[in-house]
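Everything below concerns the one structure shown next.
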Amino acid sequence: MIEKVNKPIKLDGAHNVRELGGYTTSDGRTTKNGVFLRGDGTHALTDQDLRILLEAGIYLVIDMRSPDEVEQFPSRFYMADNNIRYENIVMFDGLQSLFAGEEIQNSMAGLYCRLLDDCREQYSRIFRLFIDNDRASLFHCTAGKDRTGVVAMLLLNLAGVPNELIVADYSVSEHNMSDLFERQHKQLENMGVVVPEYVFGSPAEDMEITLDYLETKYGGANEYLKLCGLTQYEVDILKARLVE
């Protein structure tokens, strides 16, 4: 599975920043390189990391972390003196919110489905920012697998990438982030914060459940984004930017 998906860009301060380009769609086309990158936290990026990402053409950075996360670990893109457009669009407001619902007691799939149901306004803002940006966009959270994973799923589903490849692109985050997850888990335990083991994983079934929910309840990403307020014309612009 890992060999089939894009590998992370080699950076010192992030471990899960990677292209959404280069994936074959169901109709034989290919997602474009240099348009969308998904990632984990950008607070520890070095100056050299910033140069690498700027040279990759990034102009828009969408940070989906909570206010607490942003305050404690400000993004280097926000702090750096450059021409990057940085937007913080909050998807949930912290750990208490994350585990408030009973549907999130056994896996992360419940959270992903809840994001689809409850965050249409945020997705409308995110995808309109994508449309307005004619250069590369980087969207990220802390680990680059949950909030980031749902946006990546919507983009790849819209492009027509097969479900098994969307699932593989999601699942590899656990591998990419394994060393960091282990350290974070120990830090949280030392702070007396009990976090379930599944929070540090990205099993295929979580994304499979979410894709099925997206299709069954909303009819796929195209129709979902229209429910978020985008017009079909705007969705078509996004599709054209996604696929060769």
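The values are calculated or read from the model by the stated rules, or taken from the named source; none is laboratory data. All figures in this text were calculated on a predicted structure; none of them were measured in a lab. Positions of Cβ are generated from backbone atoms using ideal geometry, with glycine treated the same way; all protein chains shown enter the neighbour counts.
Summary of computed values
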read-out: Candidate set: segment 64-73, residues that are surrounded by 14 or more Cβ atoms within 10 Å (Cβ to Cβ) and not basic (Lys, Arg); chosen: the one farthest from Gln48 (Cα to Cα); value: Ser66
read-out: Evaluation of His140 against (1) under 12 Å from Asn16 (Cβ atoms); (2) touching a Cys at 6+ places or on another chain (Cβ under 7 Å) (one fails), failing number; value: (2)
read-out: Given (1) of a type in the set (D, E, K, R); (2) at pLDDT below 95; (3) assigned to a helix (DSSP H, G or I), number of the condition Asp49 does not satisfy; value: (2)
read-out: Members of segment 7-24 found to be among the polar types (S, T, N, Q) and either crowded, with 18+ Cβ neighbours inside 10 Å or free of Cβ contacts under 8 Å to residues at least 40 places away in the same chain (or both), listed by number; value: Asn16
read-out: Single residue of segment 28-63 satisfying the filter (among the basic types (Lys, Arg) and farther than 27 Å from Ser178 by Cα) that is surrounded by the fewest Cβ atoms within 10 Å (Cβ to Cβ); value: Arg29
read-out: Pairs where the first residue, in segment 28-53, is at positive phi and the second is not in a loop (DSSP other than H, G, I, E, B), C-beta under 8 Å, 6+ apart; value: Gly34/Glu19; Gly34/Ala136
read-out: Selection count, segment 107-126, where residues are surrounded by 21 or more Cβ atoms within 10 Å (Cβ to Cβ) and of a type outside the set (A, V, I, L, M, F, W, C); value: 2
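To keep it simple, each residue is scored yes or no on (1) part of a helix (DSSP H, G or I); (2) surrounded by fewer than 24 Cβ atoms within 10 Å (Cβ to Cβ); (3) among the polar types (S, T, N, Q).
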| position | (1), (2), (3) |
| --- | --- |
| Ile131 | yes, yes, no |
| Asp134 | no, yes, no |
| Ala143 | no, no, no |
| Leu158 | yes, yes, no |
| Glu164 | yes, yes, no |
| Ala168 | yes, yes, no |
| Val172 | yes, yes, no |
| His175 | yes, yes, no |
| Leu180 | yes, yes, no |
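Residues checked against (1) within 21 Å of Asp68 (Cβ to Cβ); (2) modelled with pLDDT of 90 or more:
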residue	(1), (2)
Gln122	yes, yes
Leu138	no, yes
Val151	yes, yes
Leu156	no, yes
His175	no, no
Ser178	no, no
